[in-house]
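What follows is calculated from the coordinates using simple rules that are stated; it is not laboratory data. Remember, it's a predicted structure, so these values are computed and weren't measured experimentally. Backbone-built Cβ (ideal geometry, glycine too); neighbour counts: all protein chains shown.
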Amino acid sequence: MILDLREFETFPAHKSLEADPASLAVDFEGVRRVDKLQLDLTIQKAGEEHYCQGQVKAVVSLECSRCLTEFSRELVNDTDFIVCTKEQYESHQEAIDSEDYVLLKGSDLMADVSDIVRQAVILAVGIMPVCRKDCRGLCPQCGLNLNEGSCDCKNEKIDPRWEGLKDLPGLEQEKPRE
Ligand SMILES: [Zn+2]
Ligand SMILES: [Zn+2]
């Protein structure tokens, strides 16, 4: 996903980039596929640096961490970054805090924003995505998807290691919140 800064003559400039999903694989647990990806940018120039405020819009196919079925989700996330050369980046290393930088290769004004867009997608996915908040997951014994039906397995709600503790007073409030 390449941002060509030569095409802008006046600033702030606006640009919408669409990625070829096949070329932008996101290697992150739970992400099976990126189906659609768009980056909307507002670009401001300060000196030789380009300040970009972006919004990533993606449609991704995820695997539910509980029931393992595939589901599709639309994600939106903001991503702000500065495009500059390696020399510029190193010259104000001291002042660099939480800013994200995309470095230009050599002297041409082409910035590869793939990594920063990937990051934004990953942050929006989060860890252990679920197909829906109340997904019931799979039966640990027979593997049936409990969203689609119920089985006859007797699944102990209490971990056997805690069995002896369940009658102790004071544990009533320890129920997991959901
Ligand atoms: Zn699920
Ligand atoms: Zn079962």
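The table for this structure:
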read-out: Centre separation in Å (Cα based) which lies between region 1-27 and region 28-92; value: 11
read-out: Under 12 Å, Cβ to Cβ, from LEU37 - net charge with Lys/Arg +1 and Asp/Glu -1; value: -1
read-out: Under 5 Å, built H, 5+ apart or other chain: amide partners of SER65; value: VAL130, CYS131
read-out: Difference of contour (0.36 nm per residue) and Cα-Cα distance, GLN141 to LEU109; value: 5.8 nm
read-out: Table column - 3J(HN,Hα) (Hz), region 40-53, Karplus curve with 6.51, -1.76, 1.60, x for Gly and Pro; value: 9, 10, 10, 10, 10, 10, 9, x, 9, 9, 10, 9, 10, 10
read-out: Burial ranking of peptide ranges 133-140, 72-79 (average Cβ count within 10 Å, highest at the top); value: 72-79, 133-140
read-out: Length gained when the stretch GLU87-CYS153 is fully extended (0.36 nm per residue, less Cα-Cα span); value: 17.4 nm
read-out: For region 3-13, Karplus couplings with θ = phi - 60° (6.51, -1.76, 1.60), whole Hz, Gly/Pro x; value: 9, 9, 6, 6, 7, 9, 10, 10, 10, x, 10
read-out: Other-chain or far-sequence residues with amide H under 5 Å of LEU104's (modelled H); value: CYS84, THR85, LYS86
read-out: Net length gained if the chain between ASP40 and THR10 were fully extended (0.36 nm per residue, minus Cα distance); value: 9.1 nm
read-out: Under 5 Å, built H, 5+ apart or other chain: amide partners of LEU146; value: GLY137, LEU138, CYS139
read-out: Whole-number percent relative contact order across region 2-125, with pairs defined as alpha carbons under 8 Å at least 6 apart; value: 24
